[in-house]
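J.: Here's a structure for you.
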Amino acid sequence: MTENSTAAARAVALTKLYGSGEATVRALDSVDVEFHRGAFTAIMGPSGSGKSTLMHCLAGLDVASSGRVYLGETDLTGLGDRALTEMRRERIGFVFQAFNLLPVITAQENMLLPMRLAGLRPDPGWMAQVVTQLGLDERLGHRPHELSGGQQQRVAVARALLPRPDVIFADEPTGNLDSHAGAEVLALLRASVREVGQTVVMVTHDPVAASYADRVVLLADGRLAGDIDGPTPDSVIGAMRDLGARAC
Ligand code: ADP
Ligand code: MG
């Protein structure tokens, strides 16, 4: 129980089925996992192992078939659509592979949009700190198409950080970036964990990206298949190899 009190998010016997009858896919099969507060956790596993499904269920973007999902003390399983939407807006930050910035508004407007929708204003000191740390001071008035991929993803990271969410979920955040821009984004996510205690859960297929995390949770065929503390690229590659999977 003591461990539960430090979990920012957790799944209990989480099962997710897609389709029905003979076509049923068991994307998650009774998964029990906790994501610690103030930690950077990576979720890895072969393609189709259930990484995105797990993240979507934890973030209230998808609904469990059975089992439970908690964000802190809140049981998401019983929440209706409206309560889930509100919870996502107020307590969760997202970073996606495809950046998902609105093209017609500036970097600054993109950063502030989720808070605006929730009727919230960022603390000015925190906003200035995030913008400076992410190297975006000179870019605030730019539209997304005037920014490089790495800059766009940094805007998306700022957008996720500003409301100080309980958890930031990132699905393949470096998948569209070259290795240099990817390393910058990973270092910024890690710094948010180290410096302000942000909780980050990241899906990746890249052992180097996973090595930025404090811990790696491995999935295979919708089940938990390993847990690595203090991952290095080599330990992650070894664990993936043991799963019988190519690093994919
Ligand atoms: P990963 O992110 O690890 O590649 P996913 O969570 O996307 O894996 O998918 C896990 C399994 O569930 C796969 O077999 C996938 O084909 C299936 N799946 C995912 N989403 C859907 C969906 N919306 N409808 C049907 N099957 C799905
Ligand atoms: Mg996926």
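J.: Filter segment 30-51 for residues that are surrounded by fewer than 17 Cβ atoms within 10 Å (Cβ to Cβ), modelled with pLDDT of 95 or more and over 16 Å from residue 213 (Cβ atoms) and give the result.
T.: Listed by number, the residues that qualify are 30, 32.
J.: How many residues, within segment 146-196, are modelled with pLDDT of 95 or more, under 16 Å from residue 93 (Cβ atoms) and open to solvent by 40 Å² or more (accessible area, probe 1.4 Å)?
T.: The qualifying residues number 2.
J.: Evaluate the following for residue 113: is it within 18 Å of residue 169 (Cβ to Cβ), of a type outside the set (Asp, Glu), in contact with a Leu (Cβ under 9 Å, 6 or more places away or on another chain) and part of a loop (DSSP other than H, G, I, E, B)?
T.: Judged against the criteria, residue 113 is not a match.
J.: On to the next question. Between a residue in segment 23-52 that is more than 11 Å from ligand 1 (Cβ to nearest atom) and any residue that is open to solvent by less than 20 Å² (accessible area, probe 1.4 Å) and among the aromatic types (Phe, Trp, Tyr), which pairs come within a Cβ distance under 9 Å, given they are 6 or more apart or on different chains?
T.: Once the first residue is more than 11 Å from ligand 1 (Cβ to nearest atom) and sits in segment 23-52, its partners that are open to solvent by less than 20 Å² (accessible area, probe 1.4 Å) and among the aromatic types (Phe, Trp, Tyr) give 41/35.
J.: Consider residue 100 carefully, then state whether it is open to solvent by 50 Å² or more (accessible area, probe 1.4 Å) and either over 20 Å from residue 199 (Cβ atoms) or assigned to a loop (DSSP other than H, G, I, E, B) (or both).
T.: yes
J.: Has segment 7-24 got at least one residue that is within 16 Å of ligand 2 (Cβ to nearest atom) and either polar (S, T, N, Q) or open to solvent by 10 Å² or more (accessible area, probe 1.4 Å) (or both)?
T.: yes
J.: Still on this structure: Conditions first: (1) assigned to a helix (DSSP H, G or I); (2) more than 12 Å from ligand 1 (Cβ to nearest atom); (3) crowded, with 18+ Cβ neighbours inside 10 Å. Residue 60 passes all but one, so which condition is the exception?
T.: (1)
The values are calculated or read from the model by the stated rules, or taken from the named source; none is laboratory data. These numbers come from a predicted model, not from an experiment. No Cβ is skipped: glycine too gets one built from the backbone with ideal geometry, and neighbour counts run over all protein chains shown. Protein only, heavy atoms only, side chains kept; ligands, DNA and RNA dropped before computing areas. Shrake-Rupley method; radii C 1.70, N 1.55, O 1.52, S 1.80 Å.
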